[in-house]
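First the structure, in the form of structure tokens, and then the observations on it.
The values are calculated or read from the model by the stated rules, or taken from the named source; none is laboratory data. Predicted, not measured: the structure shown is a model, and the values here were computed from it. All Cβ positions, glycine included, derive from the backbone under ideal geometry; neighbour counts span all protein chains shown. Accessible surface areas use protein heavy atoms only, side chains included; no ligands, DNA or RNA. Shrake-Rupley method; radii C 1.70, N 1.55, O 1.52, S 1.80 Å.
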Amino acid sequence: MKTKISIKFRAENIPGEADAILIPTACGPDVAEVLAGSIMNIRNVSVYIDLDESDERVPKVFALLQQHGVEVDTYTYIEYSNEDRQNARLLLMRPDNFKDSLGPALLYGTKYDMSEACANCGTGARQASVLYVDGDKLSRIRKHRAIGSFDGVIIVDGGMVKKLKDAGVTGISFGDVRARLRNDKWTSVARDQILIEHTMPPMRGELTAKDEEYLCKVCRRGGRMNFPKQPYREEDLVGMQDFNLTWEWFGEFWPENKEKGFGEKRPSPYVLVTPKVMNIFREARVKTFEWTPVTIER
Ligand SMILES: [Zn+2]
């Protein structure tokens with residue numbers, strides 16, 4: 001596990017542009033990317049540098065940029081190794097990117113039982129029909145053995161179902177998948193939805209200011225924004241399965257707005273899995289998910 005720093009700046013006004021920073025600080029193409037071009041005769045040079053936070057080049061880059069009076073955008077992030085992932089008790093399983101993901105299931109006619117759900121944000125809605133996915137995404141679905149959505153839906157092909165069953169993966173069953181077509185008809189999709197049974201206990205730790213701002217004021221369970229750094233202790237893992245859902249439902253929510261033409265948006269739980277699950281997906285060459293270790297407080 002490494003803390004990385006990402007440094008972004010514009011170089012068109014620096015004499016010598018990007019090279020004036022990158023050459024004296026020895027930032028080569030392995031750590032720096034330069035995007036240069038002109039739009040309407042206006043030169044634009046964007047530079048992106050990614051370094052270990054402790055790399056001795058970091059203070060040199062900052063000093064040089066300050067010398068040139070350049071505005072800098074920075075953020076830090078954690079880069080995990082394969083060993084970190086294999087040693088994790090739980091991994092957050094999310095789509096790797098938008099272009100290899102599905103849209104929200106709610107929009108295509110999947111039915112939900114709302115009897116125990118929050119009336120304000122919809123947290124606690126229980127899927128009560130087969131899964132309907134976007135018919136316009138059929139070619140994307142067929143391209144991948146497994147694909148998911150940012151609202152916790154995961155669908156897999158028959159071979160993946162067999163692998164998961166043969167490995168004795170716990171906490172799941174499988175459900176049919178249909179694609180919603182434009183004329184409101186539907187067609188079967190040769191994929192199964194992974195239905196996850198177990199919900200983790202509530203996470204520990206303080207809510208951030210952003211959490212408080214977006215949190216549902218009625219249930220205080222939906223509308224969470226941040227994934228805490230150490231959400232669980234060892235005793236919270238009692239009863240966990242290979243697939244689990246968080247008790248918290250993440251993301252913004254809003255009602256349907258027919259005038260403006262957008263559908264209802266609900267928060268959704270995150271999916272937490274064991275390294276065993278990650279390894280089954282990876283061995284099947286599935287690349288549509290990212291796997292982020294969840295830190296357990298000791
Ligand atoms: Zn709520």
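Just a few scattered comments:
- Checking each residue in segment 1-16 for being open to solvent by 50 Å² or more (accessible area, probe 1.4 Å) and not β-branched (Val, Ile, Thr) picks out Met1, Lys2, Lys8, Arg10, Asn13, Pro15, Gly16.
Table: residues versus (1) within 16 Å of the ligand (Cβ to nearest atom); (2) modelled with pLDDT of 95 or more.
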| residue | (1), (2) |
| --- | --- |
| Ala105 | no, no |
| Glu116 | yes, yes |
| Ser129 | no, yes |
| Gly148 | no, yes |
| Val156 | no, yes |
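- Any hit, segment 264-275, residues being modelled with pLDDT under 95, over 30 Å from Val169 (Cβ atoms), within 16 Å of the ligand (Cβ to nearest atom) and open to solvent by 80 Å² or more (accessible area, probe 1.4 Å): no
- Subset of segment 239-261 [more than 21 Å from Cys118 (Cβ to Cβ) and at pLDDT below 95]: Lys258, Glu259, Lys260, Gly261
- Of all residues in segment 226-244 being under 15 Å from Val271 (Cα atoms) and free of Cβ contacts under 8 Å to residues at least 40 places away in the same chain, the one that is nearest to the ligand (Cβ to nearest atom): Asn226
- Whichever residue in segment 255-268 is part of a strand (DSSP E or B) and in contact with an Asp or Glu (Cβ under 7 Å, 6 or more places away or on another chain) and, among such residues, is farthest from Asp211 (Cα to Cα): Lys265
- Residues located in segment 133-159, provided they are in contact with an Asp or Glu (Cβ under 8 Å, 6 or more places away or on another chain), under 16 Å from Asn279 (Cα atoms) and not basic (Lys, Arg): Ala146, Ile147, Val156
- Output for segment 62-75, where each listed residue is in contact (Cβ under 8 Å) with a residue 24 or more places away in the chain and either outside the structural domain of Thr25 (by TED's automatic domain parsing) or assigned to a loop (DSSP other than H, G, I, E, B) (or both): His68, Val70, Glu71
- The set of residues from segment 22-42 being open to solvent by 60 Å² or more (accessible area, probe 1.4 Å), more than 29 Å from the chain's Cα centre (by Cα) and of a type in the set (A, V, I, L, M) comprises Ile23, Ala26, Ala36, Ile39, Met40, Ile42.
- Scan of segment 52-93 for residues that are acidic (Asp, Glu) and in contact with a Pro (Cβ under 8 Å, 6 or more places away or on another chain), ordered by number: Asp84
- Failed criterion for Thr199 (all others in (1) within 20 Å of the chain's Cα centre (by Cα); (2) away from the ligand (no atom under 16 Å from the Cβ); (3) open to solvent by 40 Å² or more (accessible area, probe 1.4 Å) hold): (2)
- Test: residue in segment 254-263 that is within 16 Å of the ligand (Cβ to nearest atom), open to solvent by 50 Å² or more (accessible area, probe 1.4 Å) and of a type in the set (Phe, Trp, Tyr): yes
- Qualifying residue in segment 216-228 (condition: over 22 Å from the mean Cα position of the chain (by Cα) and of a type in the set (A, V, I, L, M)): yes
- The set of residues from segment 43-61 being free of Cβ contacts under 8 Å to residues at least 40 places away in the same chain, part of a helix (DSSP H, G or I) and surrounded by 11 or more Cβ atoms within 10 Å (Cβ to Cβ) comprises Arg57, Lys60.
- Scanning segment 21-34 for residues being under 17 Å from Glu71 (Cα atoms) and out of contact with any helix residue (DSSP H, G or I) (no Cβ under 8 Å at 6 or more places or on another chain) gives a total of 1.
- Highlighted here are the helices (runs of 4 or more DSSP H) found entirely within segment 79-166 that include at least 2 residues which are among the charged types (D, E, K, R) and open to solvent by less than 60 Å² (accessible area, probe 1.4 Å): 82-87.
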